[in-house]
Each structure stands twice: as C-alpha cells, then as structure tokens.
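Q: Supplied in structure tokens, the structure appears directly below.
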Amino acid sequence: MAIRSTEAVSNGTSPATPTNPATPASPANPASQAGAAGWREPRVFTRAFRDRLPPGTPGTGSNWRWLFSGIWLIYLIQPVIDLFHHGGALWIAGGLVITVAFCVIYLPTLMYHDDRPRLALAGLVTIALLAVLACVVYGSAWTPLWIYVSAATGMVLAAVASRGRAFFAVLGVSACYLVCCWISHFGIGNTLAILLPVVLIGLAMIGFRMQMTLMRELAQARGTVAKLAVNEERLRLARDMHDLTGQSLSMITLKSELAAKRLAKLPSSAERDAVLTELGDIGRVSRQTLHDIREAVSGYRRPTLAIEVITARNALEAAGIELDDDAELTIRSGTFDPDAEAVLAWCLREAVTNVIRHSRARHCRIRLTERAGELALEVTDDGRGFTSQDSPTGSGLRGVSERLSAAGGSLALGAATAGHGFRLTATVPVHATSQTDHACGL
C-alpha cells in the first residue's frame, strides 16, 4: 500500500464506505460560513479562481478596472499645480516624486490585492506614509490624498482581513486625516468638507467589495448548479439505459442459449450446425452489449468532487460538525482526469466518514491544492486523532490507498496542526482536460 504516515498510529476500526445521502435540490453555497449572525469573513479570490468564472463577472480582471480606478487620480492636479506657485526646483521635484510614487503604488494596490494580499497591505501602508509626508511638508493642499488612502483601505482590508477590521481601519484613516489637518493648520470648514468623502468613500469601497464577493459567489453557485444538473441527467440516462435494455438483452441471451440446446438434440446436419453457429453469435453479441452497457452505466455513476463535497457538507452538518471547505473542490471538479477525480472523491467520502464516526471533532477542514503537477486533497479535524491502540490497516483506508496507488498517487496520514486532531492527505498526478467537453458531453 502507498500509505505514508507521519505518525505510526491510526483511527480505530475502519468504517465501510457510506452511502450518499439524498442530494439536496438546491446546494448550499460552497463558501465557508463564519459568524452566528450571518457575518462572513471575506474570501481572497485568486487569479485561477477568477479565470474560471463566466465572462462579465465583476472583478474578474477586465482592463477597464485600471481606467475606472485611475481616472480619479486626475484630482491630484490641483496640489501639483500649487507646487509651481511656491518654492524652487527642489521643492517642486520633491512634490512630483511624492505624487508619482503615490499613483504608482495606489493603482497596483487596488488591482492586485486578491493575487498578492501581503504586497497590497505593504502598498497600503506606503501610500498612507506618503500622504502623511505630503501633508506635513507641503501643507493642507495635499490633504485630499487621504480620500484615496481611505478608498484603498476599505477595498484591501475588506478583501484580506475582515469587514469589521476594514471599518475600523477607515475610521483610523479618518483620524490620521484630522491630525494632518491640525498639523497643517487647515480651516475647520475645509477640514469637515473633506472629512465627509474620506469616511464615506472608504465605507463605500467596503460595500463595493462585498458586492463583488457576492457576485463571484453567485457565479460560482450557478456553475455548481449546472454541474449538478449534468450529473443528474447522466444518472437518469444511466438508469434508463440499464432498465430499458438490460432486461431485454438478458432475455435475448437466455433465449438464444435455450434454442441452441434444443437444436443440439436434433439429428446432425449442415443446416443445423449453421443455425447453431448463428445462435452462438447472437448470444455472444448480446452478452458483450450487456457488458458494454453496464460499463457505460458505471462510468456515468463515477463520483465527482462537486457531488461529494455537497454530500459531505450535509453529513457533517447532520452530525453537528462545522465544515470549512474550499471553493476549489467545486471549481476544479471536471477540469482534470476523471479517473483521478473519482479517486479523490472516494478519498473525500472515506475521510468524512472517519471524521463523523470516530474523530469526536467539532470542526473539519477540507482543502484542494495543486503543486508540482499534483493535486492534493487534505482533510483535517480537531478531534481526538489517533491513539496507540488504533490500527493503521483498516479496510477503508486500505481501499483508499489501493485506489490511489492504481492512479499513481499516494496517501499520507498524521496529526493535524499542533499535534491535535487528524490529517489525511491524498495526492494524485493531474492532467487537465477540457472543462467544456466535460460539462456538455453526455
């Protein structure tokens, strides 16, 4: 078996593979839920995720984003013009350098906060420092920079942290703006006039990010529903094919064998032998056709990650276990080798069964990652993990390992983070296939 264990322990008696609960008519959102009142943590949408969304989904990478985000920087022309009315060449050059640096950092911070969240946070801090420097050195004419800082704060932190933190960060930016106004002796009326857009634009960007998240999740949910509809249609065709033709072919095979036996009792002749040969051919063709139909039906019933993750979500919810699943489980379903996906789907089913029956866990985490030409399915829980009395050779895990070995993959078992709970990692080589063909072909 291709089992690699990071600890020489296992999970007790291995359960049999569970049967699927009824598939719900409307699948739950694949996004992980957080918060008792529906308050959800934001999700960072990677480029790979956005590339699989339908064209036109907000925030999926259109070049128009650069125009609509950068056009507002035109308002910085007023403080730039003010530079030429005061001071010498060094004074003007310093202001221009701050302006160019601010614009060059501001736009990528807005554009790439999903792909590079850490760099986006560094860019956010940098433009805030540039705004402080401009206000302290060049005076109140540069206080409008804080409007852009607030907008970037609302967008970036709502994406990489949480909406609550983004809200308080916008308030913090507003406080920094007020301090800079006090240092530069800005008038009360002008201070309040700019304070309003500093606060409201930051909050509006938080709301805009929420809308983008909802639209992306809606597009993802529609894709999931489409995949479920395709799978349901395949199952219906499989059932109909088996029910309509299986019995008839079995009857043809039986009748041809019975006729051959009765003919064998007749006196030998050339015509009798020819008829026996034809009946034998009829029997062989009908048996082969029946075998082919059963193979086709079993292919239509091949498990997929999209179906199994929904089944797992329902089963864990019924067991009172909170699930933190990965959108990649649904998105990648159907985009790589069907046999490899079927193996991972069986692994997911077995892992979830173990979590429910043996782990005594309260939380379960499922992730699908790709690295070095391999797909890795990782299932972790915060339960009791392995004990010294458990056996690592249960039939369930052994069957999973054998499936993985046949697909060229491997199975790794061990303790979860900080030595608590249990982690199962199934790895298979990945070969991309046409997603369109998989979704449309029956």
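The values are calculated or read from the model by the stated rules, or taken from the named source; none is laboratory data. Everything quoted here is computed from the prediction, not taken from an experiment. In this analysis, Cβ positions are derived from the backbone assuming ideal geometry, glycine residues included, and neighbour counts consider all displayed protein chains. In case anyone asks, the SASA skips ligands and DNA or RNA and just uses the protein heavy atoms, side chains included. Shrake-Rupley method; radii C 1.70, N 1.55, O 1.52, S 1.80 Å.
Q: Considering only residues that are open to solvent by 40 Å² or more (accessible area, probe 1.4 Å) and not in a strand (DSSP E or B), look in the range 364-383 and name the one that is modelled with the highest pLDDT.
A: Asp382
Q: Filter the range 130-165 for residues that are under 17 Å from Ile194 (Cα atoms) and among the polar types (S, T, N, Q); which is nearest to the chain's Cα centre (by Cα)?
A: Step by step, filter the range 130-165, then rank; the result is Thr153.
Q: Report every pair of residues separated by at least 6 positions or lying on different chains whose Cβ atoms are under 7 Å apart, first residue within the range 399-427 and over 21 Å from Arg360 (Cα atoms), second assigned to a helix (DSSP H, G or I) and open to solvent by 40 Å² or more (accessible area, probe 1.4 Å).
A: Pairs found: Val400/Trp346; Arg403/Trp346; Ala407/Asp339.
Q: Which condition number in (1) open to solvent by 30 Å² or more (accessible area, probe 1.4 Å); (2) among the β-branched types (Val, Ile, Thr); (3) under 18 Å from Val199 (Cα atoms) is the one that Ile127 fails?
A: So Ile127 meets the others, but not (1).
Q: Which pairs turn up if I take residues in the range 274-285 that are within 14 Å of Lys261 (Cβ to Cβ) and look for partners that are aromatic (Phe, Trp, Tyr) with beta carbon separation below 8 Å, at least 6 apart in sequence or on another chain?
A: The qualifying pairs do not exist here.
Q: Residue check, Phe208 against (1) open to solvent by 60 Å² or more (accessible area, probe 1.4 Å); (2) modelled with pLDDT under 85; (3) not charged (D, E, K, R), all met but one. Which one?
A: (2)
Q: Same structure again: Of the residues Glu271, Glu295, Glu317, which single one is open to solvent by 90 Å² or more (accessible area, probe 1.4 Å), part of a helix (DSSP H, G or I), within 30 Å of Ala351 (Cα to Cα) and at pLDDT 85 or above?
A: Only one candidate passes the filter, namely Glu317.
Q: For the range 85-105, indicate whether the set of residues that are open to solvent by less than 80 Å² (accessible area, probe 1.4 Å), out of contact with any helix residue (DSSP H, G or I) (no Cβ under 6 Å at 6 or more places or on another chain), farther than 16 Å from Ile194 by Cβ and touching a residue at least 40 places away in the same chain (Cβ under 8 Å) is non-empty.
A: yes
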